[in-house]
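Structure record follows, encoded as structure tokens.
The values are calculated or read from the model by the stated rules, or taken from the named source; none is laboratory data. Since the structure is predicted, the reported quantities are computational estimates derived from the model, not experimental observations. Glycine also receives a Cβ, built like all others from the backbone with ideal geometry; neighbour counts cover every protein chain displayed.
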Amino acid sequence: MRVLFASLFLTAPSFAAVPAALTTFLDKHCTECHDSDVKKAGLDLTEAKWQLDDRAIFDLWVNVHDRMQKGEMPPAKKPRPDKAELGKALLSLNEPLHAASAALQQKQGRTLARRLNRIEYENTLHDLLGMDIPLAALLPEDTPMHGFDTVAEGLRFSQLQIEKYLEAADEALNAAADLRVKPQLSKARYSYREEKNILKNLQLPDDPPTDPKKKYSRQRQMFRMLPDSLVMFTDADYLLGLDQFKMHRSGTYRIRISASGYQSNGETVTLRLYANNYQIGKRYLGAWDMPADKAREVEVVAPINRGEHLMVLPFKIGYDAEGKRLNDADTTKDFKGRGLAVQWVEIEGPLEANHWPAASLTQLFPGVPVQEIPGKQAKNPWDAERLIGYELKPADPAADAKRVVESFAARAFRRPLEAGEAERYAQLSLDALKGGADFLAAVKIGLRGVLTSPQFLLFDEAPGAKLSDHALASRLSYFLWSTMPDEELMRLAAEKKLHDPKVLHAQVQRMIADKRSTGLVKNFTGQWLDLRSIDSTSPDPSLYPEFDEMLKMAMVGETESFFREMLQNDLPVTNFIQSDFLTLNNRISQHYGIGQDVAKDEQFVRVSLPAGSVRGGVLTQASILKVTANGTTSSPVLRGAWVMKRLLGEPPPPPPPGISGVEPDTRGASTIRELLAKHRDSETCAGCHAKIDPPGFALESFDVIGGFRDRYRNKEKGDHAAGVKFENRGIWQYKLSLPVDPTGQFADGTAFKDIHEFKKHLMEHPEALHRCLTEKLLTYGTGAAPTYADRQAIAGIMKKNAKLGLRSLVTDIVLSDTFQTK
């Protein structure tokens, strides 16, 4: 029967083109389980076709190749194939798969035509127009594919998107073509000691009521007047608006503040600055740690819109050293708790008044004279927001309109124009002029057409061919900066020098050193490490009272600054697994229990870790531990799946139909490990969980906000924790329940007892991380996930970069043929 089956299998028409070495191997090792009778995991290899131009069939054979290569198939319980036999079978699979993938890429390119995502769109318009206005929120959210919103598969067009592009273009052009009267530059210093709300509050009775039946005012005294400052013991935003500053004109303002901690026992006190619109809400502008009893001056330059007022909000104030809160039974004159002493707030702006008309106007209309309209003066400051005081005076409206539109198109398309390419957009403006529109309105119509054109919205890349110099300049710029190429890149592209490896290498170094590389830091790490999900869960305040807004911001800031440190200093990529340093600020270092001396304020600095520290790498950073947990409990499954997908490049398959997830016991009666043990008894679940669970078990020593623990926190069962004091939250008593067990074993049987041994094992096998990071960067930078044909190139990059750092890896990716080909 076995001989008959083999004969039928080898002569079946569906296998006519299957390499002989492969059919022999499959018959010997695979078809016993994967035939039409058993069909294990739904796979019948006896009926599998060999039509590699069919995507589903191609993917099936890639899966067969990869399972064989990893030693997962045949299963461990079955006889292992001879090494030479396996190698021959893999080679017979690899060569046709590579050839089929390469042929498809040559035909249509590895990257589909892709458009700018909304972040890139906003950044590009800022550079094109020389102005800063929020636009991304006007556009629909982009659909991430393969983990990134730069991938062409997810960047489709819809009717809604076209409408929103038109809306965003109008918003940007109207802001850039600013012909209003020149704003009046003002610079003034304000004191909270003169705020009406403050003075009113200070007039409230400072003593508690003598009649116990009489309720004390909700607006109790929350301030203390000092000769040179006002001490704030509250963060109530309805009291802390700086109403003396009247916003008459939207624009960019320089804000300087002098403040210090007060009664803070030598610790810093955080000052937060917001722009507040009562209808829309608060907008964060910055935060600084103010030293105790010593004034510090800080500065921020930010856009402020009409309708907003400034607001200084202290943080972690209103409690004394014993955790006692300033309440109705206290008097401010006797209160010993911490506060923020604000000496003054200085506001200068709008800074655009220093160069008026605005740079955006001259950048948009180069060579067109701008003339002030005589007698145009605002009767009051409020009129200046909308009063037109300038006009464009073209010598030849038609000729200037055509020139302006074509010049703008050349910059917007990020390459030289083809003959007559911009005429259609210029014609829109000329038709409007003939119809009676004024010069400004007519030109805007043409510019609007440019900003909604395929040449602007799409990357100009030819299928299957090496990128042109201008296309390479764009791909490089959007990879490292998330915006359009600058003048130097465009010049090198025009001189056809950008494909020169030495020139390209030098440009990568220049661009990484440039502050615009923040685009790569924020947008790549935000998606690769899932930092954009930091707000997806809200930790239970009764279990995690130490979590607050400033800690959340410090979490993300730490991981971004860690990536930046590695990129700028070309540190080995294995630092993502384990490092002997972190980049910390005061808030996150306190959270880790590392101490204040290493990071004294809000700035992130490189800090060496002591020997034996549980920290180091990204796995044990609070941001990662938060985004891989919910607000109450941690799950080894979620964390394990995250590690497999984000760091090891092996995303686990979804659970089989009908298999429910494991719900943690929030009462504290059983651990997640105990619940998982029952779940893993199922053969259906055991195979995947053997890979998923180990990273999650190793990370069980960290709670949902990244704190180290040896017991779980709980509300119902367990021992009362000793009174734990948290700044600005008083004394909290949660319960400590069952102990944490961070032990486990890898799928290969290697055991580990804690996070140290887990990371040590990963450090001994860094290839998975190296390959994963290379693939992620390549996906993000080219707009397409790596294909089978890219595997050789990726292997070459890894081999070349085996002992080099992150910046070298980024450079080698850019220098590769894969990056430089559509």
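Residue-by-condition table, conditions (1) at pLDDT 95 or above; (2) assigned to a strand (DSSP E or B); (3) touching a strand residue (DSSP E or B) at 6+ places or on another chain (Cβ under 8 Å):
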{"residue": "264", "(1), (2), (3)": "no, no, yes"}
{"residue": "271", "(1), (2), (3)": "yes, yes, yes"}
{"residue": "276", "(1), (2), (3)": "no, yes, yes"}
{"residue": "279", "(1), (2), (3)": "no, no, no"}
{"residue": "294", "(1), (2), (3)": "no, no, yes"}
{"residue": "301", "(1), (2), (3)": "yes, yes, yes"}
{"residue": "312", "(1), (2), (3)": "yes, yes, yes"}
{"residue": "334", "(1), (2), (3)": "no, no, no"}
{"residue": "341", "(1), (2), (3)": "yes, yes, yes"}
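Within segment 421-437, does at least one residue satisfy the condition of being farther than 30 Å from residue 624 by Cβ, in contact (Cβ under 8 Å) with a residue 60 or more places away in the chain, outside any helix (DSSP H, G or I) and of a type outside the set (Phe, Trp, Tyr)? Within segment 421-437, none of the residues are farther than 30 Å from residue 624 by Cβ, in contact (Cβ under 8 Å) with a residue 60 or more places away in the chain, outside any helix (DSSP H, G or I) and of a type outside the set (Phe, Trp, Tyr).
Among helices (runs of 4 or more DSSP H) entirely within segment 739-822, having at least 2 residues that are surrounded by fewer than 16 Cβ atoms within 10 Å (Cβ to Cβ) singles out 755-764, 767-782, 791-800. Would you check if there is a residue in segment 449-457 being in contact with a Lys or Arg (Cβ under 7 Å, 6 or more places away or on another chain) and at negative phi? Yes; the residues of segment 449-457 include at least one that is in contact with a Lys or Arg (Cβ under 7 Å, 6 or more places away or on another chain) and at negative phi. For residue 151, indicate whether it is of a type in the set (A, V, I, L, M), in contact with a strand residue (DSSP E or B) (Cβ under 7 Å, 6 or more places away or on another chain) and surrounded by 20 or more Cβ atoms within 10 Å (Cβ to Cβ). Taking the combined requirement at face value, the residue satisfies it. For segment 106-132, which residues satisfy the criterion of being more than 24 Å from residue 528 (Cα to Cα), in contact with a strand residue (DSSP E or B) (Cβ under 9 Å, 6 or more places away or on another chain) and surrounded by fewer than 18 Cβ atoms within 10 Å (Cβ to Cβ)? Selection gives 132 alone.
Answer yes if at least one residue in segment 242-255 is of a type in the set (A, V, I, L, M, F, W, C), modelled with pLDDT of 90 or more and not in a loop (DSSP other than H, G, I, E, B), and no otherwise. Yes: one or more hits. Here is the figure for segment 687-712: residues that are out of contact with any helix residue (DSSP H, G or I) (no Cβ under 9 Å at 6 or more places or on another chain) and either at pLDDT below 90 or not in a strand (DSSP E or B) (or both) total 3. Candidates in segment 257-296 are the residues that are basic (Lys, Arg) and surrounded by 15 or more Cβ atoms within 10 Å (Cβ to Cβ); of these, the one that is nearest to residue 350 (Cα to Cα) is 283.
Results for (1) loosely packed, with under 14 Cβ neighbours inside 10 Å; (2) out of contact with any Leu (no Cβ under 9 Å at 6 or more places or on another chain); (3) in contact (Cβ under 8 Å) with a residue 24 or more places away in the chain, shown as yes or no for each residue.
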{"residue": "334", "(1), (2), (3)": "yes, yes, no"}
{"residue": "348", "(1), (2), (3)": "no, no, yes"}
{"residue": "351", "(1), (2), (3)": "no, no, yes"}
{"residue": "354", "(1), (2), (3)": "yes, no, yes"}
{"residue": "361", "(1), (2), (3)": "no, no, yes"}
{"residue": "384", "(1), (2), (3)": "no, yes, yes"}
{"residue": "388", "(1), (2), (3)": "yes, no, yes"}
{"residue": "393", "(1), (2), (3)": "yes, yes, yes"}
{"residue": "396", "(1), (2), (3)": "yes, yes, no"}
